[in-house]
1. Which value, in nm² and rounded to one decimal, describes the direction-averaged projected area of the C-alpha convex hull of the range 519-569?
2. Take the alpha-carbon centre of the range 109-162, take the same for the range 232-300, and report the distance between them in whole Å.
3. When only alpha-carbon atoms are used, what values of Rg and Dmax, in angstrom, describe the range 201-287?
4. What do you get for the angle between helix 22-34 and the principal long axis of the chain? Use alpha-carbon atoms, 0 to 90 degrees, nearest ten.
5. In terms of the ratio Rg/(2.2 N^0.38 Å) built on C-alpha atoms, what value belongs to the chain?
6. Would you be so kind as to identify which of GLY167, ALA281, PRO36 lies farthest towards the positive end of the dipole of the chain, taking Lys and Arg as +1 and Asp and Glu as -1 on Cβ and the Cα centre as origin?
7. How many angstrom lie between the Cα centre of the range 384-428 and the Cα centre of the range 1-67?
8. State the Kirkwood hydrodynamic radius of the range 155-229 in Å, one decimal place, computed from all pairs of distinct Cα atoms.
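The values are calculated or read from the model by the stated rules, or taken from the named source; none is laboratory data. On a predicted model such as this, the values are computed, not experimentally measured, just so you know. All Cβ positions, glycine included, derive from the backbone under ideal geometry; neighbour counts span all protein chains shown. Please note that ligands, DNA and RNA were not included when accessible areas were found on the heavy atoms of the full protein model with its side chains. Shrake-Rupley method; radii C 1.70, N 1.55, O 1.52, S 1.80 Å.
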Amino acid sequence: MIHIEPKILERINTWLTPTFDQETQEKIKDSIAFHPKEIQEAFYKDLEFGTGGMRGIMGVGTNRINKYTLGRNTQGLSNYLHQQFPDETPKVVIAYDCRHNSKSLAKVVADVFSANDIQVYLFEDLRTTPELSFSVRHLDCHCGIVLTASHNPPEYNGFKVYWQDGGQLVPPQDAAIVDEINSLDYSEINFKAKDNYIEIIGKKVDDAFINASVKNANFTTQKSKDDVTVVFTSLHGTSITTVPETLKRAGYNNVHLVKEQQEPNGDFPTVKSPNPEEPEALKMALELAEKTNADIVIGTDPDCDRLGVAVRNLEGNLILLNGNQTMLVMTDFLLKQWKKQGKLDGNEFVGSTIVSTPMVEVLTKSYGVEYKEGLTGFKWIAKMIKDFPELDFIGGGEESFGYMVGDFVRDKDAVTSTLLACEIAAQAKTDGSSFYKTLLQLFVSHGLYKEHLVAITKKGMEGAQEIKQMMIDARENPLKAINGSKVTRIEDYQTSKAKNFISNKDEAIDIPKSNVIIYYTEDGSKIALRPSGTEPKIKFYISVNAALSSEEAYASVESQLQKKIDGILKDMNLS
């Protein structure tokens, strides 16, 4: 029999008091008797804010998503809003995705805000995350909340917080809000809703968002659009509420939807995982594309902030691009459009992240445009926009299949990015080229960069400790060479220090602290180690590059780079 640790038992007993409803107490008692390991997992810590807000498994306990953990978040946030805006009635907008309990949990959050005399705009039904980000500024709100767990498995849900600028919380504000939440006892949550503070919203805001998306990503002629065939799948998520209409308003008439995946469903019944990074998730869309002879296939994750893109290669076969490749083509297309319109005057920038392809910096600077780099997560790109109001934001992305077009949304936006991907395909076809050929041309111009991601899952208490130890080992015993190539530089974002082994000097890193280590080697390879902020994983990001003389040489050079990646994986015991 599993023994429950005294400290954890003490936390559990708190939830067996009258502060918590009878149903919660019964579930806890049942778990103590029949599922002691699970109840320890549910109570051994508080669920924490990570790179994408708070995300976790649904169920009872302090380490789970439920009405009490979200209620405490909302109560703390309510207190903070009143502190920050003492002479105003704070306003918040709330959206939610297709996941189980999202609607009921969104209502709990709305109730707590209203109980604290905060004006609430609650979407009538599920909506995309980018629309929520847009709505914060559109409705002149102080704060926004979306209930989502992005592409996590069906048992997960989450709580993402946005501030007045439409971007997610960043330091020091996030820490101040977390401190406020942690100072609260569950008995202090006010669940008694004041209905007069809650307003249901829908179509009017939808129209404003869709029109803004079309305005920011519509560049081609109607003839170009008519020549392109598109297959789109929402993977049972929220994008069905927005993407088809956005494409229609932009003039795309040859759009085929994967009907079996149209219906929003938190079980995601037709896929193992609703993650557009995984080829299996787009299997049905690719099959439909072959039937319809489609030029491009696009699928979005459940809350529609990330997209997977498949295009035809030189042989006419559909292949799934990775997030770095899509980002490169999108960035180049936007830069070309801005240049064509005479809008590049040296006061613009493109944003990306420290674990994304280094090629985006090379590409951006080739246009004479400033490049800015931040930590993983679009809240850092949103912060760049906020911190540099004198610069115009063109676009930006990260390797994990997210992209943002312009600054009308301050988070990754698969609605506008889907339209942009179609625009690129349409323009390329008109020019006698293709999305894929455009990518190859970029590699010829700037060098062939190839990336590879290894994600190792370590679940539960033991897994968290293993991940922690792996990062400790990496810091205490840094690698001196990788795959036979000497390490020339190590960046440790937790200590904000970089060690340059060529000059033998330490350098300061002017980016907020984060648990990330990056190795650079003599042959131009880059390897980053980072525990995920939203999943029980540790990730290894590998980037290698080489010159590419022509499109015809692509297969040969790509094969050489793959061998280099294989060598790195073997050397680091990751294969």
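1. Values: hull surface 18.3 nm².
With the hull built on Cα positions only, its mean projection is 4.6 nm².
2. Between the Cα centre of the range 109-162 and that of the range 232-300, the gap is 24 Å.
3. Final numbers for Rg and Dmax: 14.2, 40 Å.
4. With both axes taken from Cα atoms, the answer is about 80 degrees.
5. Values: Rg = 24.0 Å, N = 575, 2.2 N^0.38 = 24.6 Å.
Normalised by 2.2 N^0.38 Å, the Cα Rg of the chain equals 0.97.
6. After comparing all options, I get ALA281.
7. 39
8. On the way: mean 1/r = 0.0566 Å⁻¹.
Averaging 1/r across every pair of different Cα atoms and inverting gives 17.7 Å.
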